[in-house]
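*Asks:* Questions regarding the structure given below will be posed in turn.
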Amino acid sequence: MNEMTSVRPAVPLSKITQPLDVLIVGAGISGLAAARYLKVERPDDSFAIVDEKLTFGGTWVTHTYPGIRSDSDLHTFGFSFKPWVGPPIATAAEILAYLDETIDEYGLADHIHYGWRGQTASWDSERKLWTLKVQNVETGEMEEISARFLWMCQGYYRHSEGYTPQWPGMETFKGEVIHPQTWPEDFDGKGKHLVVIGSGATAATLVPNVVDQVEHVTMLQRSPTYFRSEKNEIPIAKRLRELQVEEDWVHEIVRREMLLGSHDFTNRCFNEPETVRDELIGIARRYLGEEFDVEKHFTPSYLPWRQRIARIPDGDLYKALATGRASVVTDEIETFVEDGIKLKSGEFLKADVVATATGFNLCQMGDIRFDIDGEALDFHDTLGYRSMMFTGVPNLAWVMGYWRSSWTLRAELVAQFVVRLLDHMQEHQKSTVVPRLRESEKDMQIVDWPDEEDFNPGYLLRGKNVLPKRGTTNEWRLNQDYWTEKDDFAAIDFGDEVFAYD
Ligand SMILES: Cc1cc2nc3c(=O)[nH]c(=O)nc-3n(C[C@H](O)[C@H](O)[C@H](O)COP(=O)(O)OP(=O)(O)OC[C@H]3O[C@@H](n4cnc5c(N)ncnc54)[C@H](O)[C@@H]3O)c2cc1C
């Protein structure tokens, strides 16, 4: 548990007045955004947040591996309503301090109930209420919380363990296998050979940040990834500060600059992918020199943006490789052996420790079992309305953020939507809302959620059976485009046939 000032016990769960207007699951960045919007826009609503952790921050508490940091800039990953004053790529500790201040500034601490894990969620059509059964993670005690509206901010992956594939011979390996998601506090790499399996953001962060703690670190990748390497500062922010512009303004201007910049970059990835590819690879070449086999290790087979592009601030991964104490191997694992890994090429990698930076396990709604009037609900059988509400599921919103832009941009769009929806229901004296396909959409093709042609990281493809289904129009899928969604969301007509009220 961190030592943030705003982690203090809220009113005991057994003492809160029920039913609540809104119950939020998850005190990560999305749950805190949700709470802030309720507090400011709907001050008369009663609401609570439950989180199984003993503190706030979700992702930024779970992940403690060396170097853990954001890979998008904090002007857009941070909130629109709270200026970010540090360098754009931030450490977990800096992000947690920012969230701590947010909790304090908006008086959210009294609403958050830590250490309660949601087990089941049941909708009762007669009472028009959700009831969440929660278990205290320390005492095992059970409580029930009822609420008119359920706001799922539980993230997308299982926090308790990461995804580790099974490779042949793993049981014979005499060293230690660590998943970065559960990095040991007392890790001692002195004199050890560490092999990091993977080439995404986690591996790219770990390698330069662990290089000084071990004898040698090797990044073992099956195939190369694109990286963006930029200085960890934003020139326009620096200049505005030199001009003594107030931080509110700096934040807003830099935020717009970053949004436009990332929109332009994404467009370029689709309109001139070869040029962008050459630029990204060219940067690797400049850092690593002519002798380095950039073709083999840093030239992906796919075009930019089909998977998230990881950032390496100030080229730190490339700099670590240039020291000679870190290396990259592009190959496939044949088998683990006692003292390392045999590769398909015949090469052998000595390893005392293997870190499997191989991704996450997606889970459905925080592994909470849902039912509607006693009938089990599998979200995979539903269709997502803008990937935030589900056909046949009353009074429930879900936060799935962006991958191509900062996650939080979408968490806030969802928050603004929920607030407006609740306003609309109050004004029209409606107590339930369920999204449904319009008559004209009844024949729309319904498919699995991930679009393999568009964005295809392993965890989404592995986890597609826990995700809701999608349709073919922007309203029935997540189009990953903040630029269009910000206008589309603002224009949502709550009187549309797509919302069935009661
Ligand atoms: C290492 C890492 C780095 C990342 N960096 C970035 C980045 O730079 N930019 C970006 O845009 N995205 C990034 N992401 C994606 C990231 O997950 C999100 O951006 C964001 O932090 C998610 O916030 P969240 O609040 O939605 O979910 P989470 O951070 O996952 O928080 C969910 C919370 O819900 C709680 N919870 C879950 N299930 C239950 C339950 N059943 N009962 C009670 N509580 C429950 C969890 O304990 C947790 O506290 C990163 C992800 C990882 C893993």
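The values are calculated or read from the model by the stated rules, or taken from the named source; none is laboratory data. Remember, it's a predicted structure, so these values are computed and weren't measured experimentally. Positions of Cβ are backbone-derived with ideal geometry, glycine not excepted, and every protein chain shown enters the neighbour counts.
*Asks:* With (1) under 23 Å from the mean Cα position of the chain (by Cα); (2) in contact (Cβ under 8 Å) with a residue 60 or more places away in the chain as the list, and Thr182 as the residue in question, which single condition is left unmet?
*Replies:* Of (1) under 23 Å from the mean Cα position of the chain (by Cα); (2) in contact (Cβ under 8 Å) with a residue 60 or more places away in the chain, only one is false for Thr182: (2).
*Asks:* Determine, yes or no, whether Thr55 is farther than 23 Å from Arg239 by Cα and more than 8 Å from the ligand (Cβ to nearest atom).
*Replies:* yes
*Asks:* A further question on this structure: Only one residue in Arg148, Arg117 is among the charged types (D, E, K, R), closer than 30 Å to Lys430 by Cβ, in contact (Cβ under 8 Å) with a residue 40 or more places away in the chain and buried (at least 17 other Cβ atoms within 10 Å of the Cβ). Which one?
*Replies:* Residue meeting the stated conditions: Arg148.
*Asks:* Still on this structure: Determine whether the range 120-139 contains at least one residue that is under 30 Å from Pro83 (Cα atoms) and either touching a strand residue (DSSP E or B) at 6+ places or on another chain (Cβ under 8 Å) or touching a residue at least 12 places away in the same chain (Cβ under 8 Å) (or both). Quick ask: steps written out before the conclusion?
*Replies:* Of all residues in the range 120-139, those under 30 Å from Pro83 (Cα atoms) come to none.
Checking the range 120-139: not a single residue is under 30 Å from Pro83 (Cα atoms) and either touching a strand residue (DSSP E or B) at 6+ places or on another chain (Cβ under 8 Å) or touching a residue at least 12 places away in the same chain (Cβ under 8 Å) (or both).
*Asks:* With the requirement that a residue be among the acidic types (Asp, Glu) and either out of contact with any strand residue (DSSP E or B) (no Cβ under 7 Å at 6 or more places or on another chain) or over 25 Å from Ala415 (Cβ atoms) (or both), what does the range 449-494 give you?
*Replies:* So the first thing to find is which residues in the range 449-494 are among the acidic types (Asp, Glu), and the list is 451-454, 475, 481, 485, 487-488, 493.
Of everything in the range 449-494, those that are among the acidic types (Asp, Glu) and either out of contact with any strand residue (DSSP E or B) (no Cβ under 7 Å at 6 or more places or on another chain) or over 25 Å from Ala415 (Cβ atoms) (or both) turn out to be Asp451, Glu452, Glu453, Asp454, Asp481, Glu485, Asp487, Asp488, Asp493.
*Asks:* Of (1) modelled with pLDDT of 95 or more; (2) assigned to a loop (DSSP other than H, G, I, E, B); (3) surrounded by fewer than 16 Cβ atoms within 10 Å (Cβ to Cβ), Glu138 satisfies all except one. Which?
*Replies:* (1)
*Asks:* Which condition breaks for Pro165 when tested against (1) surrounded by fewer than 19 Cβ atoms within 10 Å (Cβ to Cβ); (2) in the same structural domain as Phe379 (by TED's automatic domain parsing); (3) outside any strand (DSSP E or B)?
*Replies:* Single failed check for Pro165: (2).
*Asks:* In the set Arg256, Arg277, which member is without any contact (Cβ under 8 Å) to a residue 60 or more places away in the chain, basic (Lys, Arg) and surrounded by fewer than 17 Cβ atoms within 10 Å (Cβ to Cβ)?
*Replies:* Details: Arg277 fails: surrounded by fewer than 17 Cβ atoms within 10 Å (Cβ to Cβ).
Checking each option against the conditions leaves just Arg256.
*Asks:* Search the range 380-393 for residues that are under 17 Å from Asp124 (Cα atoms) and pair each with any residue that is modelled with pLDDT under 95 when their beta-carbon atoms are under 7 Å apart and the residues are at least 6 apart or on different chains.
*Replies:* Phe390/Pro468
*Asks:* Also, quick follow-up: Using the structure shown, decide if Asp100 is within 15 Å of the ligand (Cβ to nearest atom) and farther than 17 Å from Ala411 by Cβ. Step through it out loud before you land on a result.
*Replies:* Values: within 15 Å of the ligand (Cβ to nearest atom): yes; farther than 17 Å from Ala411 by Cβ: yes.
When the stated conditions are applied, Asp100 passes them.
*Asks:* For the structure I just gave you, tell me whether Met152 is in the same structural domain as Pro66 (by TED's automatic domain parsing), at pLDDT 95 or above, over 21 Å from Ala397 (Cβ atoms) and of a type in the set (A, V, I, L, M, F, W, C).
*Replies:* no
*Asks:* So the check is Cβ under 7 Å with 6+ separation or different chains; which pairs have a first residue in the range 193-222 that's more than 21 Å from Pro300 (Cβ to Cβ) and a second one that's within 13 Å of the ligand (Cβ to nearest atom)?
*Replies:* Within 7 Å, the pairs are Asn209/Pro66; Asn209/Gly67; Val210/Pro66; Gln213/Pro66.
*Asks:* Same structure again: Consider only pairs whose beta carbons are under 7 Å apart and that are at least six residues apart or on different chains; among these, list those whose first residue lies in the range 1-28 and is modelled with pLDDT under 85 and whose second residue is of a type in the set (Phe, Trp, Tyr).
*Replies:* Pairs found: Val7/Phe56; Val7/Tyr114.
*Asks:* Further, regarding this structure: Scan the range 306-336 for residues that are more than 24 Å from Ile281 (Cα to Cα) and buried (at least 17 other Cβ atoms within 10 Å of the Cβ) and jot them down.
*Replies:* Start the filter on the range 306-336 by keeping residues that are more than 24 Å from Ile281 (Cα to Cα), which leaves 333-336.
Answer for the range 306-336, where residues must be more than 24 Å from Ile281 (Cα to Cα) and buried (at least 17 other Cβ atoms within 10 Å of the Cβ): Ile333, Glu334, Phe336.
*Asks:* May I ask you to list the residues in the range 403-444 that are among the basic types (Lys, Arg), away from the ligand (no atom under 13 Å from the Cβ) and closer than 26 Å to Asp21 by Cα? Walk me through it before giving the result.
*Replies:* Filtering the range 403-444 for residues among the basic types (Lys, Arg) gives 404, 410, 420, 430, 436, 438, 442.
Narrowing further to those that are away from the ligand (no atom under 13 Å from the Cβ): 420, 430, 436, 438, 442.
Correct list: Arg420, Lys430, Arg436.
*Asks:* Tally up the residues in the range 93-118 that are among the small types (Gly, Ala, Ser) and out of contact with any strand residue (DSSP E or B) (no Cβ under 7 Å at 6 or more places or on another chain), please. Can you show your working first?
*Replies:* Quick first cut of the range 93-118, residues among the small types (Gly, Ala, Ser) only: 93, 97, 107, 109, 115, 118.
From the residues that got through so far, the ones that are out of contact with any strand residue (DSSP E or B) (no Cβ under 7 Å at 6 or more places or on another chain) too are 93, 97, 107, 109.
Total satisfying the criteria: 4.
*Asks:* Determine, yes or no, whether Phe270 is of a type in the set (Phe, Trp, Tyr), over 28 Å from Ile197 (Cβ atoms) and in contact (Cβ under 8 Å) with a residue 12 or more places away in the chain.
*Replies:* Values: of a type in the set (Phe, Trp, Tyr): yes; over 28 Å from Ile197 (Cβ atoms): yes; in contact (Cβ under 8 Å) with a residue 12 or more places away in the chain: yes.
When the stated conditions are applied, Phe270 passes them.
*Asks:* Here is a follow-up. Given the structure, is Arg420 in the same structural domain as Trp151 (by TED's automatic domain parsing) and modelled with pLDDT under 95? First the steps, then the outcome.
*Replies:* Details: in the same structural domain as Trp151 (by TED's automatic domain parsing): yes; modelled with pLDDT under 95: no.
No: the conditions fail for Arg420.
*Asks:* Now for a separate question. Residues that are part of a loop (DSSP other than H, G, I, E, B), at pLDDT below 90 and acidic (Asp, Glu): does the range 464-487 have at least one?
*Replies:* Looking for residues that are part of a loop (DSSP other than H, G, I, E, B), at pLDDT below 90 and acidic (Asp, Glu), one finds at least one in the range 464-487, hence yes.
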